[in-house]
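Q: This structure is in structure tokens; I'll ask about it shortly.
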């Protein structure tokens, strides 16, 4: 899920920043950003939305809006922060630094913290289904290969190498089945193009140990570096933050075979240091044009000098609105879709308000989850597709003779130019 790269996070990097902070999501998504509560810190999000930061000396808890809650841990001196990662329930965070190479745990209720062990140059970590902490590290120092390490989180807090992978340390993550994913790293700086591969080992292999790049399954190839990873369990997809200082390339992708086939979610303006998939409760997925109430993605981005933001990526559902004098009496009514597919199409349908439910049902269509409060058995359709412009806006105007207001609920599907639908709008009543 995390973290700052120790090789890249030097003060001198801020002298070479050339691009402005301007992240661009793919159509059908939106971004919201706020400054990290502690500049230069690594961070994670707890269940419930609070943020925990670690700046190398202090671990602090903050509300989702950036208000201070409490100090969870205070190291005796300044160090270089590596990562901070939570347990699933958010009751504990594990954090590490690469100055004295300490690995620690802290209770998020503020009741205490302690050092677990020392582990040289730990880069990233995640809690496994067995409760152990799994980390990528270089326990023998720079110039050696990366060890994948299992750290017991109960006394005596021993750690065991379960695999050795060539190259510098990279990010790792698990899926819900306990399979482990790891992004290989180039030993050169800046990393060369196409030098990062994504490896996977089964839960059984992880339990047995002896992991290598040879006995791994290659699930993604030829990426331009990997700064952070997380697995979208609901969508069944691995998300990777590609970050390459030499190529000035910073983006978040869904891993599909290789770089060329992996859809881009975000083109980021600067370095990405964390990546965390968060479930909010609804059935909506982390897909374009879905409701924003389901899965979201939080990442941190920084230029190492002027900004350090926490950015939230959510689906952006298109909006359908009714306007015109005909909404309250005789006259024209215009139904307008905003936020649809650029240069695409929209398909309008309606039902009596008496059949409409504000609580939407969800239908698992082959291409997307269809959220609607209009029962299919009561729906009537406008019998043609309407075009949307380059901004994804389209409209349809009809005449209300004076007796339609208060009678109908409208909704629309949105799709590409050929009418291949990918999502639905909100509903509107008049």
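Every read-out reported here was derived from the displayed coordinates using simple, explicitly stated rules and does not represent laboratory data. All figures in this text were calculated on a predicted structure; none of them were measured in a lab. Counting neighbours? That spans all protein chains shown, and the Cβs are built from the backbone with ideal geometry, glycine included.
Q: Just rank 133, 31, fewest to most, by other beta-carbon atoms within 10 angstrom.
A: With the fewest neighbours first, 133, 31 line up as 31, 133.
Q: Once you have a ≥ b ≥ c as the square roots of the Cα gyration tensor eigenvalues for the stretch 319-429, tell me rounded if a/c is under 1.5, and otherwise prolate or oblate according to whether a/b is larger than b/c.
A: The shape class here is oblate.
Q: Tell me what the chain gives for mean residue ellipticity at 222 nm when only DSSP H runs of n ≥ 4 count, each as -39,500 (n - 2.57), the sum divided by the residue total, rounded to 500 deg cm²/dmol.
A: Computed ellipticity for the chain at 222 nm equals -500 deg cm²/dmol.
Q: Any idea what % of Cα-Cα pairs in the stretch 52-194 are farther than 18 Å?
A: That fraction is 56 percent.
Q: Taking the Cβ of each residue in 182, 134, 356 as the centre, tally the other Cβ atoms inside 10 Å and list the residues starting with the fewest. Let's see the in-between values first.
A: Values: 182 27, 134 24, 356 19.
If I rank by nearby Cβ atoms, fewest first, I get 356, 134, 182.
Q: Which of rounded, prolate, oblate describes the stretch 358-418, given a ≥ b ≥ c as roots of the alpha-carbon gyration tensor eigenvalues and a/c under 1.5 marking rounded, otherwise prolate only if a/b is larger than b/c?
A: Oblate is the answer for the stretch 358-418, as a/c is 1.5 or above yet b/c matches or exceeds a/b.
Q: May I pose another question? So for 234, 296, fewest C-beta neighbours within 10 Å to most, what's the order?
A: By the 10 Å Cβ count, ascending: 234, 296.
Q: Which whole-number percent of Cα pairs in the chain have a distance greater than 37 Å?
A: Roughly 31 percent, once rounded to a whole number.
Q: If you take the Cα Rg of the stretch 263-385 and divide it by 2.2 N^0.38 Å, with N the number of residues, what do you get?
A: Expressed relative to 2.2 N^0.38 Å, the Cα Rg reads 1.38.
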